[in-house]
């Protein structure tokens, strides 16, 4: 089963207008933006976040709804590794009863049945392989954002029909990212309003909502027709 079609056969009967989407101009910048968001929310204990982000400066210039990303990249670079590690650990990793704010979908949504299984179906269907260090947490926010980066990359690289990758992006955004990231942003802001990560997660939630609306503008039921 194509996980982007859900359980309703009619959900698969959609078309994407390239005249509206302009994938040759938009897929690569969106791919880079999702990579940057993934790096911003990755543990700075696992990767060198500033080193990864330096190459991302200026990537949001061609997307009118991604302006905050460049500002947040700059803020992370100014903060430096020590501050990032301290704030990230204090919010997302350390706590007597677990982290103050879980950065995993399954924990944020009350360990709802089927969440991790649906994620793994998406990953398996589209050939996205988790590294050994992340296989146990397919619902980590950084991993989900990396998967969106991967789908955008496959959209950009598709020689023929990119529609399965485009529809998967829309479905994954609705079924997963927007299902919990706005709640995560509210919680982080409440617990640590002055943290850099409060700004990052809030910026991500706004980006996801804007990108979802941007995607939806190019997707219609088959046969409905999209005025270009």
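The values are calculated or read from the model by the stated rules, or taken from the named source; none is laboratory data. The shown structure was predicted, so the numbers you read here are calculated from the model rather than taken from an experiment. With ideal geometry, Cβ positions are generated from the backbone for all residues, glycine too; neighbour counts draw on all protein chains shown.
Annotations for the structure displayed:
- Flag if residue 198 is over 18 Å from residue 112 (Cα atoms) and without any contact (Cβ under 8 Å) to a residue 60 or more places away in the chain: yes
- Of the numbered criteria (1) crowded, with 21+ Cβ neighbours inside 10 Å; (2) over 16 Å from the mean Cα position of the chain (by Cα); (3) modelled with pLDDT under 95, the one residue 188 fails is (3).
- Exclusive hit being touching a residue at least 12 places away in the same chain (Cβ under 8 Å), in contact with a helix residue (DSSP H, G or I) (Cβ under 8 Å, 6 or more places away or on another chain) and within 15 Å of residue 102 (Cβ to Cβ), set 215, 137, 169: 137
- Test result for residue 56, in contact (Cβ under 8 Å) with a residue 24 or more places away in the chain, in contact with a helix residue (DSSP H, G or I) (Cβ under 8 Å, 6 or more places away or on another chain) and either surrounded by 15 or more Cβ atoms within 10 Å (Cβ to Cβ) or farther than 28 Å from residue 171 by Cβ (or both): yes
- Residue within segment 67-77 that is free of Cβ contacts under 8 Å to residues at least 60 places away in the same chain and part of a loop (DSSP other than H, G, I, E, B) present: no
- Any hit, segment 34-44, residues being touching a residue at least 60 places away in the same chain (Cβ under 8 Å), surrounded by fewer than 22 Cβ atoms within 10 Å (Cβ to Cβ) and closer than 18 Å to residue 182 by Cβ: no
- Some residue of segment 109-122 being modelled with pLDDT under 95, closer than 21 Å to residue 184 by Cβ, in contact with a strand residue (DSSP E or B) (Cβ under 8 Å, 6 or more places away or on another chain) and crowded, with 16+ Cβ neighbours inside 10 Å: no
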